[in-house]
1. Being among the aromatic types (Phe, Trp, Tyr), over 20 Å from the mean Cα position of the chain (by Cα), crowded, with 19+ Cβ neighbours inside 10 Å and over 18 Å from Asp251 (Cα atoms): is that true of Phe346 here?
2. Across the stretch 346-360, what is the total count of residues that are of a type outside the set (D, E, K, R), farther than 17 Å from Gly383 by Cα and in a strand (DSSP E or B)?
3. Which residues, counting only those in the stretch 89-121, are in contact with a strand residue (DSSP E or B) (Cβ under 7 Å, 6 or more places away or on another chain), among the small types (Gly, Ala, Ser) and within 18 Å of Tyr30 (Cα to Cα)?
4. Quick one: would you say Asp57 is part of a helix (DSSP H, G or I) and not polar (S, T, N, Q)?
5. Name the strands (runs of 3 or more DSSP E) wholly within the stretch 178-244 that hold at least 3 residues that are touching a residue at least 40 places away in the same chain (Cβ under 8 Å) and closer than 20 Å to Asp297 by Cα?
6. Being in a helix (DSSP H, G or I), closer than 30 Å to Pro404 by Cβ and in contact with a Phe, Trp or Tyr (Cβ under 6 Å, 6 or more places away or on another chain) is the requirement here; does His82 meet it?
7. For the stretch 96-153, what are the residues that are under 20 Å from the mean Cα position of the chain (by Cα), modelled with pLDDT under 95 and on the phi > 0 side of the Ramachandran plot?
8. Select from the stretch 261-280 the residues that are farther than 20 Å from Ser350 by Cα and either touching a residue at least 60 places away in the same chain (Cβ under 8 Å) or charged (D, E, K, R) (or both) and list them in ascending order.
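The values are calculated or read from the model by the stated rules, or taken from the named source; none is laboratory data. Treat the numbers as computed from the prediction; the structure is a model and nothing was measured. We place every Cβ from the backbone using ideal geometry, glycine too, and count neighbours over all the protein chains shown.
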Amino acid sequence: MTDSARRRARVRAPELIGKGGWLNTGGRQYTLADLRGRIVVLDFWTFCCINCLHVLDELRELEDKHRDTLVVIGVHSPKFVHEADHRAVADAVERYGVAHPVLDDPELATWKQYAVRAWPTLVVIDPEGYVVAQHAGEGHVPAIERLVTELEAEHEAKGTLRRGDGPYVPPEPEPTTLRFPGKALLLPSGNVLVSDTTRHQLVELAEDTETVVRRLGSGARGFADGGPEEASFNEPQGLALLDDGSVVVADTVNHALRRLDLATGEVTTLAGTGKQWWRGSATSGPAREVDLSSPWDVAVFGGTVWIAMAGVHQLWTYDPATRTVAVAAGTANEGLVDGPAAQAWFAQPSGLAATADRLWLADSETSALRWVDRDGRVHTAVGTGLFDFGHRDGAADRALLQHPLGVTALPDGSVAVADTYNHALRRYDPATGEVTTLATGLREPSDAVLAGEDIVVVESARHRLTRLRLPEEAVRVEPAAHRTRRAATEVNPGRLRLDVVFRAPAGQQPDTRYGPATRLLVSATPPELLLKGEGADPDLSRELELNPAVTEGVLHISAMAASCDDDPATAYPACHVHQRDWGIPLRLVPGGAARLPLVLAGMDEAARGGG
């Protein structure tokens, strides 16, 4: 047995339970006993979360490489009310190409059993049924892959490893024209171009929005330029028309912008390297040399292409004249903060629409409708933050949305919002400050385009476009308001010790060549929650003082650490930036915790109450 194996905590893995049942198993229900002898990775995720979607993509190579020894189990743990709907979970599993079993846990039962505190979280269980590692956030799959390789050798030697096919049973494909379409664009011809996201294609439909004119892309997940049959995409989303008559495509999972020549069907790459952007990467420069992160939508505003960079909670721009990209707004911290572009916070911006003087955006994780003016200042029309959502019309300061993904500028200056998780089309009128409901009963609308006097809605979960006549008055809907299902952490009012634990991974040491190797940024919503401890500092431990007059709020924490290979024989050591953002709901109660420990990177943490 290796030294690292001896050091691992022997914690028996709790059972997998969830009232929603299992998906991708052919109807079979599984227990941990059924998986004994296999290495199990539990992926606690929710389908609204862009970080969770990144982890799904990170896991694909791991699953393929260790298919006969490893079983990945998705544990779907919802944030939004809509995400507790079993049919919506089943749709999401197909939409994002999840090729492993998924346990639907709408009441967060398994989440609580494993003391999970953040989306996403990965838990590793050895072949004997013991938890050996737990990691929160993205970027941990390389470390998990090393652990899996070690576990394979250890349990092969002990005779406790069982090889063979896993429990995954793929669903039968459905013969629909579109499959989870994402965004749509009205072409100069009157036809409509649609991103057929799950089939990794673009589809041009005739003016009736039903007849297929042509398909563009091979239909296989990939990243290749070429003609309409050779080119490949990876879950494409946003579309916008450029001045030269071509179309720019947000090729989301390829972390790239692509160009479609409408005349020839030729596809080329405008921006992105195919690699995901991480903190410390370039934030401007030649477009083909800069990494992007899950571009979800695009719109032309002020002569440049604006990008809803959902993966890093920012807005970027692409300049067709100079062929460069740059950050335009957002700090990369997740939340809702207005003001100058460089100071604003976003949360998965996923829909864009430009008018002469405003760039409207659907900020999905804050359930907000926001806009950027010509001076670059960010404003919020509807929405209050990460944890409040619902379906309520009326004055904008009281109205509620639920994870909107699309926004469409209307001729009278108002905007239509694809209110995705409310299955509704909403309207905000800046002249009156009122929010109304235009239509309900849609299934996960993700975008809409104007076509004459009609509005054509992308009904993503119905796999179709739906044409509606804009009504004179809004449909009345009974109001509802919700809070996130994620439980608040109970802490003691007054002093709270924040400790972010970082240990450089094996073979690395902290990188202090250019100053401190670490940085910790702390803020709160509402701001008055923090009496002391706000701001940035190199120390990863800090004494906070919480305001006893504020009973609950959200603590926003961003931690960064840099490390490099420490082998003195390496002339040019590889360096790495470890970064993690947390939004932790707090409830201040006498007798609550006086210390808040968080793990940044560099250590395997068994499930013993950490997260």
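1. Numbers: among the aromatic types (Phe, Trp, Tyr): yes; over 20 Å from the mean Cα position of the chain (by Cα): no; crowded, with 19+ Cβ neighbours inside 10 Å: yes; over 18 Å from Asp251 (Cα atoms): yes.
When the stated conditions are applied, Phe346 does not pass them.
2. Residues of the stretch 346-360 that are of a type outside the set (D, E, K, R), as a first pass: 346-356, 359-360.
In the following step, the residues that additionally are farther than 17 Å from Gly383 by Cα were identified as 353-356.
Subset that is in a strand (DSSP E or B): 353-354.
Residues flagged as of a type outside the set (D, E, K, R), farther than 17 Å from Gly383 by Cα and in a strand (DSSP E or B) within the stretch 346-360 amount to 2.
3. Ala90
4. yes
5. Values: elements: 184-186, 192-196, 201-205, 212-216, 236-241.
The strands (runs of 3 or more DSSP E) meeting that bar are 184-186, 192-196, 236-241.
6. Working: in a helix (DSSP H, G or I): yes; closer than 30 Å to Pro404 by Cβ: yes; in contact with a Phe, Trp or Tyr (Cβ under 6 Å, 6 or more places away or on another chain): yes.
Taking the combined requirement at face value, the residue satisfies it.
7. Gly137, Gly139
8. Matches in the stretch 261-280: Asp261, Leu262, Glu266, Arg279, Gly280.
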